[in-house]
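To start, the structure itself, in structure tokens.
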Amino acid sequence: MKYDNLLEQIKDRMPLKRFEHTKGVATTAIHLAEKYGEDQDKAEIAGILHDVVKFADYEWLKQMIISEQLDPLLLSFHHELWHGPVGSVVAKNEFHFDDEDILQAIRFHTTGRAGMSNLEKIIYISDMIEPSRSFPGIDVLREKAELDLDEAMISCVTHSITFLIEKKQPVFPDSFHCYNDLIQKRGKVKE
Ligand code: FE
Ligand code: FE
């Protein structure tokens, strides 16, 4: 890959398994960017950095959300969501990427949102379907990713929301907004 150097820089910030996942996300994102006419360099960089603070201390993540004035609603939801928004701040401040496409893709990879860019969708989808992932239904998601970016995004966010609902876990509003936005744009809302 083109940004092997960047990959090396983040290697010791996560366990090997997560590092393999990161490489998988970057590779999948490059592939989808090529397929859907998006910038492959941005896809690779966002893929490499998307989980950069996944293993950071929760208290530190919390303080970052407060000090960086990120969405305060995040603090009422599971800490698993925090590494996206905080990761985008770290990508900017520590790794000096100031491209908004890249930063937004990192920022919203844990929740999705209404009005996602194609790069945001690519990172969200790649995070879910990269080669080391395995869960029931993943084959369908992988097939959809090859056919239609929006349909794949709908299926991926539906999978995430359904998974949380089945476990009786709260769903962050941006995920519902993401779902509603895509479904409404698809023009299949009746009545
Ligand atoms: Fe993540
Ligand atoms: Fe990830």
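The values are calculated or read from the model by the stated rules, or taken from the named source; none is laboratory data. Keep in mind it's a predicted model, so treat the numbers as computed, not measured. Quick reminder, even Gly has a Cβ in these numbers, built from the backbone with ideal geometry, and neighbours come from all protein chains shown.
Points worth noting:
- Complete set of residues in the range 122-145 that are under 17 Å from Asp41 (Cβ atoms) and either more than 13 Å from ligand 1 (Cβ to nearest atom) or modelled with pLDDT under 95 (or both): Ile122
- Condition check for Thr22: within 23 Å of Thr158 (Cα to Cα) and within 13 Å of ligand 1 (Cβ to nearest atom): yes
- Exactly one residue out of Glu38, Glu59 is outside any helix (DSSP H, G or I) and more than 16 Å from ligand 1 (Cβ to nearest atom): that is Glu38.
- Of the set (1) part of a helix (DSSP H, G or I); (2) closer than 17 Å to Asp127 by Cβ, all apply to Glu8 but (2).
- Flag: Gly24 matches the condition of being modelled with pLDDT of 95 or more and within 11 Å of ligand 2 (Cβ to nearest atom).
- Test result for Gly87, within 16 Å of ligand 2 (Cβ to nearest atom) and either among the small types (Gly, Ala, Ser) or not in a helix (DSSP H, G or I) (or both): yes
- Lys54 fulfils the conditions (1) in contact with a Leu (Cβ under 9 Å, 6 or more places away or on another chain); (2) buried (at least 16 other Cβ atoms within 10 Å of the Cβ); (3) within 21 Å of Met128 (Cα to Cα) except for a single criterion, (1).
- Residue check, Ile138 surrounded by fewer than 23 Cβ atoms within 10 Å (Cβ to Cβ) and within 15 Å of ligand 2 (Cβ to nearest atom): yes
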